[in-house]
1. Would you call Ser209 surrounded by 14 or more Cβ atoms within 10 Å (Cβ to Cβ), without any contact (Cβ under 8 Å) to a residue 60 or more places away in the chain and out of contact with any helix residue (DSSP H, G or I) (no Cβ under 6 Å at 6 or more places or on another chain)?
2. Please specify each residue of segment 219-242 satisfying the condition of being farther than 18 Å from Val113 by Cβ and buried (at least 19 other Cβ atoms within 10 Å of the Cβ).
3. Any chance segment 257-264 includes a residue that's surrounded by fewer than 16 Cβ atoms within 10 Å (Cβ to Cβ) and either free of Cβ contacts under 8 Å to residues at least 24 places away in the same chain or in a strand (DSSP E or B) (or both)?
4. Would you mind telling me which numbered condition in (1) over 20 Å from Arg112 (Cα atoms); (2) in the same structural domain as Gly144 (by TED's automatic domain parsing) Leu216 fails?
5. Looking only at segment 1-28, how many residues end up being modelled with pLDDT of 95 or more, touching a Phe, Trp or Tyr at 6+ places or on another chain (Cβ under 7 Å) and hydrophobic (A, V, I, L, M, F, W, C)?
6. Condition test on Ala152, is it of a type in the set (A, V, I, L, M), modelled with pLDDT of 95 or more, closer than 20 Å to Asp199 by Cα and surrounded by 14 or more Cβ atoms within 10 Å (Cβ to Cβ)?
7. Scan segment 9-45 for residues that are free of Cβ contacts under 8 Å to residues at least 60 places away in the same chain and either buried (at least 21 other Cβ atoms within 10 Å of the Cβ) or under 13 Å from the mean Cα position of the chain (by Cα) (or both) and jot them down.
8. Identify all residues within segment 89-144 that are of a type in the set (Lys, Arg) and either within 17 Å of Leu223 (Cα to Cα) or surrounded by fewer than 21 Cβ atoms within 10 Å (Cβ to Cβ) (or both); write none if there are none.
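The values are calculated or read from the model by the stated rules, or taken from the named source; none is laboratory data. What you see is a predicted model, and the numbers here were worked out from it, not measured in a lab. Methodologically, a virtual Cβ is constructed for each residue, glycine included, from the backbone with ideal geometry; neighbour enumeration extends over all protein chains shown.
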Amino acid sequence: MAYDPALYELTHRGNPGDVEFYSRACEGARSVLELGTGYGRIALGLAAAGYEVVGLELDPGLLELARAAKAAQLEAAGAEVKVGAATVSETDSLEFVLGDMRQFELGRRFDRVIIPHSGLYCLLEPGEVASCLRAARAHLCPGGLLVLDGYAADDFHEESLPEDVPDDQLEPITEIEAQGTRYTVFEQSRWDRDSQRIDATYLYREEPSGREVRYLLPQRYLLRRELEALLDAAGFSVSLVRGSFSGDAYDEDAEHLIVIAEAS
């Protein structure tokens, strides 16, 4: 079942400090391409900071939310907004387009390509990751930068055994309200070490009726050495690896794998 975009937006709110990090990483750039833009959270923040941003998204429902958020942002800023089939604005610096990050052609190049919030982990085969990185490289200006983040996986992958990490039980993580309906949200993760998969199930329980709906969010995490090899093969030179959005080292205590790579 496809993830309900409204429930996704209310549940997955990003990581503290990530918008500010990507804004810093784009300093000196004019144009930015975000792959897997989702409902536009980071793209909207970058556009508000003055960057020219294109957000690419495969899910039509999330893309609709992103475009609605763009219209609301323009309206709040006093820009002219037209609803329906007409374009929102011909002069604003933010555009959302439907497309697949595994293979795309936009007919232009950018100073930065960004893949936030473990977006690269949503590609479940190494060949898909390689294809995405090649497409990103083809869309970068000479000397342009690719900036991405994912959760850190090296330490638990190397140090843990599957029998030591049983499948999670469903645990409540938040409460939300969507279109007048209240939900308690539960999460459960399953780890497959051999395939580098962590598949998360999100259960939404309506209150007070108790009706439930589940969505699966599959991911294949990347190890640092694997990602660096894929970047090298795609024509990138890794210039920075960090373990947090505030610049901490990537070590056994890191929560994130943050990489900046230059188009070589």
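1. Against the criterion (surrounded by 14 or more Cβ atoms within 10 Å (Cβ to Cβ), without any contact (Cβ under 8 Å) to a residue 60 or more places away in the chain and out of contact with any helix residue (DSSP H, G or I) (no Cβ under 6 Å at 6 or more places or on another chain)), Ser209 does not qualify.
2. Gln219, Arg220, Tyr221
3. no
4. With (1) over 20 Å from Arg112 (Cα atoms); (2) in the same structural domain as Gly144 (by TED's automatic domain parsing) applied to Leu216, the lone miss is (2).
5. 3
6. On the way: of a type in the set (A, V, I, L, M): yes; modelled with pLDDT of 95 or more: yes; closer than 20 Å to Asp199 by Cα: yes; surrounded by 14 or more Cβ atoms within 10 Å (Cβ to Cβ): yes.
So Ala152 passes the test.
7. Across segment 9-45, the qualifying residues are Glu9, Arg13, Val19, Thr37, Tyr39, Gly40, Arg41, Ala43, Leu44.
8. Narrowing segment 89-144 to residues of a type in the set (Lys, Arg): 102, 108-109, 112, 134, 137.
Once the filter is applied, which keeps residues that are of a type in the set (Lys, Arg) and either within 17 Å of Leu223 (Cα to Cα) or surrounded by fewer than 21 Cβ atoms within 10 Å (Cβ to Cβ) (or both), segment 89-144 yields Arg102, Arg108, Arg109, Arg134, Arg137.
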